[in-house]
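Everything on this sheet refers to the single structure shown next.
The values are calculated or read from the model by the stated rules, or taken from the named source; none is laboratory data. Model, not experiment: these values are computed from the prediction. All Cβ positions, glycine included, derive from the backbone under ideal geometry; neighbour counts span all protein chains shown. Protein only, heavy atoms only, side chains kept; ligands, DNA and RNA dropped before computing areas. Shrake-Rupley method; radii C 1.70, N 1.55, O 1.52, S 1.80 Å.
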Number of protein chains: 2
Amino acid sequence: MKCIRCGGEAVYRRVYSGEVYCARHFVSSIEDKVRSTIRRYRMLDIDDRIAVGVSGGKDSLTLLRILAKIEKSFPKAKLYAITIDEGIEGYRSGSIELASREASRLGVEHIVVSFEELYGSTLDSMVEEAGRRGLKLTPCSICGVLRRKALNYTASRIGVDKLATAHNLDDEAQTFIVNILHGDLFRLVRTKPVTDYRKGFVQRIKPLREIPEKEIALYAYLEGIEFQSEPCPYRGVSLRSDVRMFLNIMEDKHPGIKFTVVRMWDSIRSVIEENLPEVELRRCRLCGDPSISDICSGCSILVSLGLRSYQPLT
Amino acid sequence: MKCIRCGGEAVYRRVYSGEVYCARHFVSSIEDKVRSTIRRYRMLDIDDRIAVGVSGGKDSLTLLRILAKIEKSFPKAKLYAITIDEGIEGYRSGSIELASREASRLGVEHIVVSFEELYGSTLDSMVEEAGRRGLKLTPCSICGVLRRKALNYTASRIGVDKLATAHNLDDEAQTFIVNILHGDLFRLVRTKPVTDYRKGFVQRIKPLREIPEKEIALYAYLEGIEFQSEPCPYRGVSLRSDVRMFLNIMEDKHPGIKFTVVRMWDSIRSVIEENLPEVELRRCRLCGDPSISDICSGCSILVSLGLRSYQPLT
C-alpha cells in the first residue's frame with residue numbers, strides 16, 4: 001500500500017473512502033478535516049478567544065494540539081485549556097498532569113478548576129453521599145451535568161467567545177441514537193455542532209465531530225501525544241455503551257455508516273429546529289445560570305446532596 | 001400471578017406496563033389495543049372495503065382474525081384476504097394453504113395472485129436469472145418491491161378502500177432505525193401508519209403497529225391459529241437482522257424502549273412532513289403505476305431481468 005499523496009509507505013487505509021496515507025499525510029488529512037469542519041459549521045471567527053475542555057484523554061489532547069496548530073495562522077485568536085478536576089481519587093491527578101504538560105509545550109494557558117472549589121465537594125464524596133441518601137443518581141449523571149456546568153462557568157469567567165469540546169464522530173452518532181432510544185426530541189434538536197448563542201452560556205463547538213474515534217487514536221499515537229488511557233473507575237455499563245458496541249459492529253460491516261447517521265441527525269435537526277417554539281430561558285434561582293426551570297439541573301443535583309453551587313457571576 | 005381483570009390464573013406479564021393477564025383477558029387486551037390503534041390513527045371508516053395482505057405467517061393471520069372480529073360490529077364493512085404467491089419452491093404452498101383455511105373459517109374471500117401471472121416468472125427463477133446476469137439484486141430486494149407492487153395491484157383490482165398489512169411494533173421500530181442507518185430521510189418521512197391518499201395507490205394501514213411481536217406470537221398460540229413458522233429459505237443476514245437483535249437486547253434491558261422508538265419516529269415524522277415539498281408523482285411508462293421516476297422501481301427490476309410487468313389498469 002502506497003500513500004495516495006506521496007507514494008510513500010502507507011500506515012492507514014480509510015475504509016469508508018478508500019484513501020491510503022503515510023504517517024505524515026494521515027496527520028495532515030486529519031488536520032485538513034478539522035479545518036473543513038470548522039469552516040462548514042462556521043465554528044470560529046478569526047479573532048475568537050477559545051477555551052478547550054481538556055480532560056487529558058486522547059480526544060481532548062488531540063483537539064488542543066490541532067487547534068494550537070490552526071491558531072498559528074490567526075494571530076488575533078487566543079487559546080486556553082480548561083481542565084475540570086472532578087475529584088476522582090487515583091484517576092484524575094495523572095490526567096491533569098498530562099494536560100498541563102501538553103498545554104505548556106504548546107504555550108497555552110492552562111486553567112484547572114475543581115468540583116471542590118465550585119461545589120464544595122469532590123465527585124467521590126458526592127457519590128458516597130448519594131449512596132447514603134439512597135438517591136437514584138449514578139456517578140455519570142452527577143459528573144456529566146456538573147462538569148458541563150463547571151466548564152461553562154470557567155469559560156465565562158475567563159471571558160472567551162467559544163468553548164471547544166472534543167466530541168468525535170463516534171460520540172455524535174451515539175448521542176443521536178441514545179436520544180432516540182430515550183425519546184428525547186428536545187435534546188435531539190438542541191444538541192448541535194455549534195450551540196445557539198444564549199446569554200449566560202458560552203457557545204460550544206465540536207471541531208472533531210467528523211473524525212472517527214479510531215482515527216483520533218492513530219493521530220495521537222503518530223503525533224506522540226501522551227494521554228490518559230486508563231478508563232474512569234466510575235465508567236459503568238450504560239445504554240450508551242450498548243449503542244457504542246452496536247454502531248461499531250455496523251461500521252465494520254458497512255463502512256461509513258457513522259457518517260450517515262450523523263448526517264441524518266443534521267438533516268432531521270435542521271428541519272425540526274425551525275419549527276420548534278423558542279424555549280424561554282430563565283435564571284436559576286440559586287446560581288444565576290440560564291435554566292429552563294426555576295432551579296437548574298446542576299443545582300437540583302447539588303441541593304439533593306446537601307450542597308450549594310457557586311454564587312451568580314455578575 | 002393473578003389476572004388484573006378477573007383474578008384468574010395469569011399466563012402473561014406485560015413487563016413494560018406491569019399488567020398481568022389470564023389467557024382470555026390477554027387476548028381481549030390485544031384486540032382492544034388494535035381497536036385503539038385503529039381509532040388513534042383513524043385507519044378505518046365504518047363502510048370500508050378492506051384487503052388484508054396475508055402471507056400465512058403469525059402476524060398476518062392474527063391481523064386477519066382480529067379484523068374479522070372487529071368487522072362484525074360494522075355490517076357495512078367488508079374484508080378480503082390477499083396472498084401473493086412469489087413462487088418459492090417448497091415454502092410458499094404450505095402457507096397459502098394455511099391462509100386459505102383460515103380465510104374460509106372466517107368467511108372471508110381469499111384471493112391468491114402469483115408473481116408468475118403478474119410478471120411472467122417466479123421469484124425462484126428471477127433469483128436464478130439475476131445470478132446469471134451478475135446483477136446486484138438480493139432475493140429480498142426483488143421480493144420486497146414486487147410483492148408490494150403485487151399487493152397494491154390486486155387491492156386496486158378488487159376495488160378496496162384500504163390495504164391492511166401486519167407490520168408489528170418490532171417491524172416499525174426496526175424500520176425507523178434502518179432508515180436512519182441508510183440515511184433515507186425521504187422514506188423515514190413517507191413510511192406512515194396510514195399512507196397518504198395518492199391516486200393509483202390503495203391507502204395502506206398497519207393496525208398491529210403497537211403490538212410487540214412476541215405478544216402477537218402469544219395471541220396466535222392462545223387463539224389456536226395455525227401459521228407458517230418455517231423461515232423463508234431466502235432469509236439472509238441483513239442490516240435489518242442486526243437492528244432486530246440490537247433492539248431486542250435493548251428491550252430486555254429497558255422494557256418499553258420499542259414503543260419509545262416508534263413514538264419518536266411519529267414525532268419526528270409529524271414535524272418534518274409538513275415541511276417537505278410535495279413530491280410530484282408521475283405514471284410509470286411501462287405499467288402505469290404511480291412513480292417518482294419515469295419507470296417505477298418494480299419495472300426497473302423486471303426490465304433488468306428481461307421481464308415485463310402487467311399492463312396498466314384503466
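Observations
- Those trypsin sites (Lys or Arg not before Pro) in region B:1-78 that DSSP places in a loop and that have at most 14 other beta carbons within 10 Å: B:ARG42, B:LYS72, B:LYS76
- Whole-Hz couplings from phi, Karplus 6.51/-1.76/1.60, listed for region B:35-50; x for Gly and Pro: 4, 6, 4, 4, 5, 4, 9, 6, 6, 10, 9, 5, 10, 5, 9, 10
- Across the identical copies, the 7 Å label point of B:PHE201, projected outward along Cα→Cβ, sits 3.7 nm from its counterparts, in ascending order.
- Scanning residues 5 or more positions from B:ALA164 or on other chains, those with amide H under 5 Å from its amide H are B:ALA51, B:VAL52, B:GLY53, B:ILE205, with H placed 1.01 Å from N in the peptide plane.
- Accessible area buried, both sides summed, chains B and A with 1.4 Å probe, Å²: 2300
- Choice from A:SER238, A:SER114, A:SER93 with maximal GNM fluctuation in chain A (Cα, 10 Å cutoff): A:SER238
- Region B:208-314: GluC sites (Glu not before Pro) falling in loop per DSSP and having at most 10 other Cβ within 10 Å: B:GLU274, B:GLU278, B:GLU280
- Beta bridge orientation in chain B: antiparallel %, DSSP, nearest 5: 30
- Karplus 3J(HN,Hα) series, Hz, for region A:87-93 with 6.51 cos²θ - 1.76 cosθ + 1.60 (x for Gly, Pro): x, 10, 3, x, 10, 6, 4
- Here the Gaussian network model covers chain B, with springs between Cα atoms less than 10 Å apart; of B:PRO207, B:PRO231, B:PRO277, B:PRO277 fluctuates the most.
- Annotation: amide H of A:ILE211 within the under-5 Å range of A:LEU169, sequence separation 5 or more or interchain, hydrogens built in the peptide plane.
- Pairwise FRET efficiency - A:GLU89 versus A:CYS6, Cβ, R0 = 60 Å, nearest 0.05: 0.80
- Label-to-label distance, A:SER229 versus B:ARG187, with points set 7 angstrom from Cα along the beta-carbon direction: 4.0 nm.
- Where chain B is rotated onto chain A, the residue of B whose Cβ comes nearest the axis, and that gap in whole Å, is B:PHE246, 2.
- Taken one residue at a time, the phi angles of region A:276-281 give Karplus couplings (6.51, -1.76, 1.60, θ = phi - 60°) of 9, x, 4, 8, 6, 9 Hz. Gly and Pro are set to x.
- Of the solvent-accessible surface of chain B, computed with a 1.4 Å probe and all protein chains present, 51% belongs to carbon and sulfur.
- Remark: spin-label model distance A:ILE158-B:SER238 equals 5.1 nm, labels positioned 7 Å along the Cα→Cβ axis.
- Positive minus negative residues near A:GLY120 (Lys, Arg vs Asp, Glu; Cβ under 13 Å): -2
- Distances between placed amide hydrogens fall under 5 Å for B:LEU79 paired with B:ILE50, all partners being 5 or more residues away or on another chain.
- Within a Gaussian network of chain A (alpha carbon springs, distance under 10 Å), most fluctuating of A:VAL112, A:VAL20, A:VAL237: A:VAL237
- In range of the label at B:THR138: residues from region B:206-246 whose backbone nitrogen is under 16 Å from the point 7 Å along Cα→Cβ: B:232-246
- Set of lysines with alpha-carbon distance to A:LYS162 below 24 Å, sequence-local pairs under 8 removed: A:LYS33, A:LYS58, A:LYS69, A:LYS72, A:LYS76, A:LYS78, A:LYS149, A:LYS192, A:LYS199, A:LYS206
- Counting only other chain Cβ atoms within 10 Å of each residue's Cβ, the peptide A:184-195 averages 1.
- Remark: label point of A:PRO231 defined 7 Å out from Cα along the Cα-Cβ vector; separations to the same position in other copies 3.0 nm, ascending.
- Looking at the protein assembly as shown alone, DSSP beta bridges between its own residues are antiparallel in about 30 percent of cases.
- Among the chymotrypsin sites (Phe, Trp or Tyr not before Pro) within region A:163-252, those in coil by DSSP and having at most 14 neighbouring Cβ atoms inside 10 Å are A:TYR197.
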